[in-house]
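The values are calculated or read from the model by the stated rules, or taken from the named source; none is laboratory data. Treat the numbers as computed from the prediction; the structure is a model and nothing was measured. In this analysis, Cβ positions are derived from the backbone assuming ideal geometry, glycine residues included, and neighbour counts consider all displayed protein chains. We work out accessible area using only protein heavy atoms, side chains counted, and drop any ligands, DNA or RNA first. Shrake-Rupley method; radii C 1.70, N 1.55, O 1.52, S 1.80 Å.
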Amino acid sequence: MKDEQKPETIVAESYLAAVEMFFQQEWTDGLPIVPPTPQLVWELVESGGRAADEFLGELPERDKSLAVWQAATCAVMAGCKAEFFPVVLATWEALFDPRFNLHSMLSSTGGSALMGIVSGPYAAEIGMNARAGVFSPGNRANATIGRAIRLGAMTALGATPGLLDASSFGHPGKFSWHFAEDRPVEPWIPLNEQLGYLSTTTTVTVLPTEAPRQVAQRLNREPEGVLRTIASCIKNPSQNSTGKGTYYVVVLGPEHAALLHDARWSQQSVREFLSSQSRISPAELAKSGILPDKAQWDSRAPGRDAVLTTVKAENILVITAGGPGAGWSAVVPCTTSTTNTHPVTRPVAFPGSATRVVEPGPTLINFR
Amino acid sequence: MTIEVVRPVPMREAPKPRSRAQREPIPPGAVLGLISNGKERAWELLDNLGNVLVDSGLFASHFIWQKATPAFTVTESERSRLLARAHFIVTGVGD
């Protein structure tokens, strides 16, 4: 490793002094970090199987870049175990894909979280949570992987609130938001297979998102009724993305997933129904005081007095997760339209793998 | 007991002091370029700004150039074309 690429170290008087130093340097997310000793950092670098000085990506607009050792340092700070680091690396690969538009998604007043959906067998191997409390604190893998990403964005990429992060509000998902998909009951297939990957390949799909909306539907046993409830959340006029042709993640809780599955709805039919039901007219927007803007006018459905919240059914990712309850699901809006960003997926790679990137096969859904 | 830790941001990336750009006098007949990010009413705001500056005598005329989307920065080719049209370009108009 060249000298100018080597990480630098500092010596603190004590463990607690190191923790305080990171606060003073503004190298935290507001919570205490795990001091990243060289030993811990190199342990994670080795677990990723890539050179420490390899660049994962750069943002030339802000003259910032991220090397593997920085990603590892932030992962240690976040509290990651070594076996979590391949998921962290796959996440960064996805985020730096130009289609994601990371510079803009880290800057916008919209205050996006960097949501990561982990789909595949490795999620369970490292103990990720896909069920009860899937969006809640309490699971080390979920919490620390997502936190590692945000810490990297804040330290190495300058995404500090009030400076290069212009979020007006943001939301708690910005602390950390990685979770595992709960494998659906066949013939439904998980997201990695929907995207054309082998069932044995674990993937991370990233999307810039607003906070999740919990959808309550406890009494209606009709599948269309449940989906209309979810669609009503998708087309909520107050949301930034309503009517602008964007992406949504619909996380079906176990009761709603079972209802749809038992009524023989396919995942594609669910997407198509939700997409069609999420259209909204300018008159409906006006009832809520929303004056349609250019993005909404650009999303007008041809020949119809309606604007499209999703341009096509494939722009709705349908996955299953969450725990049993009285009938909950969740809707997660992308912060902005398909003009500005896209979900990006990367496979999780491991040291000694024959190939770095496993190209997917024919996909059942095409985001673009 | 002391503890050695890795800096997440290398020292070489610490913010460096920057000097102000050279200020040039505004030549007679100068053209002002204003970059709109395409958000609602950005054009209206910029047009009003441009008119005020032209009425003040600082500039002979102004034009507004709108990005295709707020989410992407101006490209090098777009920048070159804008610089060919104007003596000064104002950017950074946000929401």
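Among all residues of region B:88-95, there is none that is of a type in the set (D, E, K, R), assigned to a loop (DSSP other than H, G, I, E, B) and at pLDDT 95 or above. Only residues that are assigned to a loop (DSSP other than H, G, I, E, B), open to solvent by 30 Å² or more (accessible area, probe 1.4 Å), under 18 Å from A:Gln25 (Cβ atoms) and among the aliphatic types (A, V, I, L, M) were counted across region A:144-177, and they come to 2.
Yes or no, residue by residue, for (1) without any contact (Cβ under 8 Å) to a residue 24 or more places away in the chain; (2) more than 25 Å from A:Ala326 (Cβ to Cβ); (3) not in a loop (DSSP other than H, G, I, E, B):
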site: A:Tyr247; (1), (2), (3): no, yes, yes
site: A:Val250; (1), (2), (3): no, no, yes
site: A:Ala257; (1), (2), (3): no, no, yes
site: A:Arg264; (1), (2), (3): yes, no, no
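Note on region A:28-52: among residues that are in a loop (DSSP other than H, G, I, E, B) and more than 11 Å from chain B (Cβ to nearest Cβ), the one that is surrounded by the fewest Cβ atoms within 10 Å (Cβ to Cβ) is A:Gly30. Return a yes/no flag: does region B:10-28 have any residue that is over 16 Å from the mean Cα position of the chain (by Cα), within 11 Å of another protein chain (Cβ to nearest Cβ) and under 24 Å from A:Ser104 (Cβ atoms). Within region B:10-28 (the criterion being over 16 Å from the mean Cα position of the chain (by Cα), within 11 Å of another protein chain (Cβ to nearest Cβ) and under 24 Å from A:Ser104 (Cβ atoms)), the answer is yes, since at least one residue qualifies.
Mind checking which residues of region A:59-89 are surrounded by fewer than 16 Cβ atoms within 10 Å (Cβ to Cβ) and more than 10 Å from every other protein chain (Cβ to nearest Cβ)? Passing the criteria: only A:Glu83. Would you be able to tell me the number of residues in region A:337-362 that are hydroxyl-bearing (Ser, Thr, Tyr), within 30 Å of A:Ser107 (Cβ to Cβ) and either in a loop (DSSP other than H, G, I, E, B) or modelled with pLDDT of 90 or more (or both)? So the count comes out to 4.
Among the numbered conditions (1) away from every other protein chain (no Cβ under 14 Å); (2) among the small types (Gly, Ala, Ser); (3) touching a residue at least 24 places away in the same chain (Cβ under 8 Å); (4) open to solvent by less than 50 Å² (accessible area, probe 1.4 Å), the only one that B:Ala60 does not meet is (4).
Scanning region A:95-109 for residues being in a helix (DSSP H, G or I), more than 14 Å from every other protein chain (Cβ to nearest Cβ) and either surrounded by fewer than 24 Cβ atoms within 10 Å (Cβ to Cβ) or over 16 Å from the mean Cα position of the chain (by Cα) (or both) gives a total of 0. Here is a check on your reading of the model: is A:Ile234 of a type in the set (Val, Ile, Thr), crowded, with 18+ Cβ neighbours inside 10 Å and either more than 24 Å from A:Val344 (Cα to Cα) or under 21 Å from the mean Cα position of the chain (by Cα) (or both)? In short, yes.
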